[in-house]
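Structure first, then comments.
The values are calculated or read from the model by the stated rules, or taken from the named source; none is laboratory data. For clarity, every value in this text was computed on a predicted model and none was experimentally measured. Because the Cβ atoms are built from the backbone with ideal geometry, glycine has one as well, and the counts that use them run over all protein chains shown. Accessible surface areas use protein heavy atoms only, side chains included; no ligands, DNA or RNA. Shrake-Rupley method; radii C 1.70, N 1.55, O 1.52, S 1.80 Å.
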Amino acid sequence: DEPEKLLLYTRVKANVRKTIPLVPSAGIRVDLYGKCGHTHGDLSPTEAYPVGGGLSVRGYDEGGVATARTFASGTAELSFPLLQSPGLEGVLFVDAGTDCGSSRLVPGTPGIVRGKPGHAMGKGVAARIDSPLGQVTWSLAWNDSGKTRSHLNVGHRF
């Protein structure tokens, strides 16, 4: 029998957000989001970064774009008030994400075995409202294959 091997690794993840008011008096703005991450050392496939889903590339299932050791994703959103209702916004968005070629470095290559593309874009529309539970966002997104997917998120992106 071989002794159990401990997995020793370091994960680094960074998030950035920038809001650009376009027409402040009308509540129209652009929000830019970016995030990236890398895992150095021993990596269990269950600890790999899932790329795709409601908080990265909408239009795809959670982890539907890649299972990655290293990743980067970004979002651009145009937000505007809806129906003169406080706290209710409409959103047009574009998301993109990539595994930076690192899916092949995840043990067992689960993303490659499952035919995940490794990089992708999603685009769509969303409605966002402030609620006692936090911000609630419903998104309708189209992915690179033209498939439509709906996402419901509670809370801010980060």
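Side notes on the structure shown:
- Computed accessible area, Lys123, all protein chains, 1.4 angstrom probe, square angstrom: 110 Å²
- Rounded accessible area of Glu62 (nearest 10 Å², 1.4 Å probe): 130 Å²
- Accessible surface ranking that places the most exposed of Arg29, Arg114, Arg58, Arg17 first, with a 1.4 angstrom probe: Arg114, Arg17, Arg29, Arg58
- About the centre of its Cα atoms, the chain shows a dipole size close to 420 debye [charges on the beta carbon of Lys, Arg (+1) and Asp, Glu (-1) only; nearest 20 debye].
- Here Lys35 is the anchor, and the lysines within straight C-alpha reach of less than 23 Å, apart from those fewer than 8 places off in the same chain, are Lys13, Lys18, Lys116, Lys123.
- Within-13-Å neighbourhood charge of Asp99 [Cβ basis; K, R +1; D, E -1]: +4
- Accessible area per residue (1.4 Å probe, heavy atoms of protein chains only) ranks Thr46, Thr98 as Thr46, Thr98, with the largest value leading.
- Region 138-149 - phi-based ³J(HN,Hα) in whole Hz, Karplus 6.51/-1.76/1.60, Gly and Pro as x: 10, 10, 10, 10, 10, 9, 4, 8, x, 7, 9, 9
- Spread of Cα-to-Cα distances over 5 Å intervals beginning at zero, given as percent, for region 1-71: 4, 13, 16, 16, 14, 11, 9, 6, 4, 2, 1, 1, 1, 0
- At the residue level, His119 shows approximately 120 square angstrom of accessible surface with a 1.4 angstrom probe and all protein chains present.
- Most mobile of Leu82, Leu32, Leu140 in a GNM of the chain (Cα contacts under 10 Å): Leu82
- Our helix-only sum for the chain, with -39,500 (n - 2.57) per DSSP H run of n ≥ 4 divided by its residues, gives a mean residue ellipticity at 222 nm of -500 deg cm²/dmol.
- Across all directions, the shadow cast by the convex hull of the chain built on its C-alpha atoms averages 11.2 square nanometres.
- Note on region 1-55 and region 87-158: Cα centroid distance 12 Å, given to the nearest whole angstrom.
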